[in-house]
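In what follows, a structure is listed as structure tokens, so that the remarks can point back to it.
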């Protein structure tokens, strides 16, 4: 990769573990409702509710808690004991209070790159939650700029690249979601490296028609080979 | 006011109506719970829950919905019919779908200033909700930069001023909340104009010890006298 000046990193499931924690909570949510509906169907109902709510709530944990509560009232046909709602709120707060677990190799990679490139963080989700996670991660010192986006689509990347005074050909995005981190950046004429995480939220998966070429590496440490 | 180069405007209750809508929803929330507790005590319980949750949820409508649900389960001692939870969620979604009503004089003021100063928007709350309101307002074209902050405190203004390459003495903040818009900016050595809105959320009110001097005007049109 040539001419890269600015490298933007996605945060959740690229720098630190995230989806794993959501899946743990989903597991507990299904367990709470097992007398009403089998696990798979609870998951399906929750996912449907989440997707319907994205346009109004956006991404992040607060939206997730609200969607769990909404799915719960629908699944139980308003007949659940109220205590269940409290349990769901507690699950959500648990998620917000999780420690930040860095993915292997992350700090070494940032250390190796931050004297040679301008590094920025480009993520989506709840503003406060993402800021808190960045603080807990101890990685703040490596990033010249932090951008928390409401949605990672082409138009928003375009604004970001303009804001940081960068030409798309000098911009590299590194992340785990083809849909949010890779495709929109490539469409803009930028560069992207995909590092799959062990699990991907169904909403972030690609459909067949999004069939473009991009560089995929197995772990974050491998990006150094292409950059040094 | 001399040497002003950049003017930052708060959004909610400075450019458009906001607190009024929250108060309408609070009224309806109290109505839903009137069989359990008198109105004033419902309001008090809700406010207490909101304040406790700020550190984990931050500001904005999603945090407000979650706090209403939590207050509801506490007030009804988990004995309310589930339908109430749905009604609260609907109240919250109603809030997110409200039209944006500009405060008198706003557009004229922005039009008069935006060729002479760099105008930016500096607000807090939900990322997506604030972006949607800005879109609905039609005011986006006046702002060179939009900053949605998790909290409007000194440290965050310091970062903002650094990011936009401004000296505090060339920076003016205009807003309705002394606590969030005025005090932290004055502390930094910046300038601020306070335009009170007809109602102020109790959390944004000043305590006696925050007794500093600042310019207060009756309506946004009045700021032009100090700037032209």
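Each value in this text was obtained by applying a stated rule to the coordinates, not by laboratory testing. If you're wondering where the values come from, they're calculated on a predicted model, not measured in any experiment. Positions of Cβ are generated from backbone atoms using ideal geometry, with glycine treated the same way; all protein chains shown enter the neighbour counts.
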- Which angle from 0 to 90°, rounded to the nearest 10, does the C-alpha axis of helix B:154-163 make with the longest principal axis of chain B? 50
- Query: Residues of B:130-140, mean number of Cβ from any other protein chain within 10 Å of their own Cβ, rounded to a whole number?
  - Reply: 1
- Item | Antiparallel %, DSSP beta bridges [both residues in the protein assembly as shown], to 5 | 5
- In a Gaussian network model of chain A with springs linking alpha carbons closer than 10 Å, the residue among A:50, A:94, A:107 that fluctuates most is A:94
- Along each of the three principal axes of the Cα atoms of the protein assembly as shown, give the extent in whole Å, ordering the values from largest to smallest. 60, 58, 38
- Task: Give the nm distances, rounded to one decimal, from residue A:44 to the matching residue in every other copy, measuring between label points 7 Å along Cα toward the beta carbon; shortest first.
- Result: 4.9
- Give the chain A residue with the shortest beta-carbon distance to the rotation axis relating chain A to chain B, plus that distance as a whole number of Å. A:62, 2
- By DSSP, what percent of the beta bridges with both residues in chain A are antiparallel, rounded to the nearest 5? 5
- Message: Quick check: the distance between the Cα centres of the range B:46-86 and the range B:169-228, to the nearest angstrom?
- Response: 30
- Helix-only [θ]222 nm of chain B, DSSP H runs n ≥ 4, -39500 (n - 2.57) each, per residue, nearest 500: -13500 deg cm²/dmol
- Shortest first, in nm, what separates the label point of residue B:23 from those of the same position in the other copies (7 Å along Cα→Cβ)? 4.9
- Kirkwood-based Rg/Rh on the Cα set of chain B evaluates to 1.00
- In the Gaussian network model of chain B, springs joining C-alpha atoms below 10 Å, which of B:126, B:167, B:40 carries the largest mean-square fluctuation? B:40
- Query: Over the range A:72-154, what number does the Rg to Rh ratio reach, with both radii from the alpha-carbon atoms and Rh per Kirkwood?
  - Reply: 1.16
- Taking the alpha carbon gyration tensor of the range A:19-96, what are the square roots of 5 times its eigenvalues, largest first, to the nearest whole Å? 17, 14, 12
- Item | Ranked B:103, A:54, criterion: other C-beta atoms within 10 Å, fewest first | A:54, B:103
- Note on the structure: For chain B, the longest principal axis of the Cα atoms and the Cα long axis of helix B:127-137 enclose an angle in degrees, to the nearest 10, of 70
- Among A:160, A:119, A:91, which one moves the most in a GNM of chain A with springs linking Cα atoms closer than 10 Å? A:160
- Can you give the angle from 0 to 90° between the axis of helix B:19-32 and the longest principal axis of chain B, with both taken from C-alpha atoms, to the nearest 10? 0
- Item | Label spacing, shortest first and in nm, from residue A:196 to its equivalents in the remaining copies (7 angstrom along Cα→Cβ) | 6.2
